[in-house]
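The values are calculated or read from the model by the stated rules, or taken from the named source; none is laboratory data. In this text the structure is predicted, and so the values were computed from the model without any measurement. We place every Cβ from the backbone using ideal geometry, glycine too, and count neighbours over all the protein chains shown. All accessible areas refer to the heavy atoms of the entire protein, side chains included, with ligands and DNA or RNA removed. Shrake-Rupley method; radii C 1.70, N 1.55, O 1.52, S 1.80 Å.
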Amino acid sequence: DLANLTYTPEVSGVSKVEVSGGIIENPFWGPSPIVWDGDLNFDGAAVKVAQELGAAQLFTSAGLFAIDSDETETASLWSIQGGASVKPFEDAEEPFLGKMKLTSAVAYHDYRNIGSKSTATLAGTAIPANQGTNSAALEDFNLLNTNVELASVVSGMPVALYGDWVRNIATNVGTEKD
């Protein structure tokens with residue numbers, strides 16, 4: 001399912017840099033499959049950068065991906081995400097507090113050349129772009145995705161509480177017009 005090249009250069013002052021191209025794993029962090037299914041792979045290129053700052057880590061990912069379609073113009077997706085992760089009680093003796101981690105991120109995903117007459121399958125969905133109850137929304141598909149996760153361990157078992165919100169900001173559904 002994967003065929004890619006990954007380059008991880010050492011960059012002074014940066015904890016981790018990863019550049020990938022080909023058919024790659026999902027480069028974006030998310031606590032749930034609300035935007036991306038867990039087994040989805042991307043066809044394109046991505047850059048991931050992370051910086052450790054003590055008990056915190058800042059991270060960003062960006063990518064440009066092809067979307068299979070029958071259109072004459074190539075459909076594509078470009079995305080960017082930025083976030084932070086912190087382990088506030090990393091030195092605590094209590095396992096629940098010592099393993100506690102809070103992660104949050106904001107992402108923007110912009111689909112290009114996906115029209116209402118397209119037969120493209122939207123990435124991460126099983127829905128052809130020309131079907132659905134709100135096909136007008138598919139003429140422009142720009143996702144704003146915010147998410148947060150509080151994770152830890154209880155009696156050796158991982159536990160998490162998370163929130164994941166996504167909105168197609170290219171539509172005016174649910175908003176007032178002048």
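Listing for the model above:
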| read-out | value |
| --- | --- |
| Odd one out for residue 38 among (1) open to solvent by 50 Å² or more (accessible area, probe 1.4 Å); (2) within 23 Å of residue 144 (Cβ to Cβ); (3) in a loop (DSSP other than H, G, I, E, B); (4) in contact (Cβ under 8 Å) with a residue 40 or more places away in the chain | (4) |
| Residue in the stretch 111-121 that is over 30 Å from residue 55 (Cβ atoms), part of a helix (DSSP H, G or I), at pLDDT below 95 and open to solvent by 70 Å² or more (accessible area, probe 1.4 Å) present | no |
| Residue in the stretch 52-68 that is part of a strand (DSSP E or B), touching a helix residue (DSSP H, G or I) at 6+ places or on another chain (Cβ under 9 Å) and either over 21 Å from residue 2 (Cα atoms) or at pLDDT 95 or above (or both) present | no |
| Of residues in the stretch 92-106 being in a loop (DSSP other than H, G, I, E, B) and open to solvent by less than 70 Å² (accessible area, probe 1.4 Å), the one farthest from residue 145 (Cα to Cα) | 92 |
| Residue 146 being more than 30 Å from residue 98 (Cα to Cα) and either modelled with pLDDT of 55 or more or open to solvent by less than 30 Å² (accessible area, probe 1.4 Å) (or both) | no |
| Residue 32, sole failed condition from (1) among the hydroxyl-bearing types (Ser, Thr, Tyr); (2) surrounded by 17 or more Cβ atoms within 10 Å (Cβ to Cβ); (3) modelled with pLDDT under 95 | (2) |
| Identity of the residue in the stretch 1-26, open to solvent by less than 50 Å² (accessible area, probe 1.4 Å) and assigned to a strand (DSSP E or B), that ends up nearest to residue 59 (Cα to Cα) | 17 |
| Subset of the stretch 92-115 (residues that are aliphatic (A, V, I, L, M) and either closer than 17 Å to residue 77 by Cα or without any contact (Cβ under 8 Å) to a residue 12 or more places away in the chain (or both)) | 92, 106, 107, 114 |
| Yes/no for residue 80 being in contact with a strand residue (DSSP E or B) (Cβ under 8 Å, 6 or more places away or on another chain), modelled with pLDDT under 95 and either within 24 Å of residue 167 (Cβ to Cβ) or aromatic (Phe, Trp, Tyr) (or both) | no |
| Hey, residue 86 farther than 19 Å from residue 149 by Cβ, out of contact with any His (no Cβ under 8 Å at 6 or more places or on another chain), surrounded by 14 or more Cβ atoms within 10 Å (Cβ to Cβ) and aliphatic (A, V, I, L, M) or not | no |
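Every residue, every condition in (1) closer than 17 Å to residue 18 by Cα; (2) open to solvent by 50 Å² or more (accessible area, probe 1.4 Å); (3) touching a residue at least 60 places away in the same chain (Cβ under 8 Å), yes or no:
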residue	(1), (2), (3)
43	yes, yes, no
46	yes, no, no
52	yes, yes, no
56	no, no, no
63	yes, no, no
75	no, no, no
82	yes, no, no
90	no, yes, no
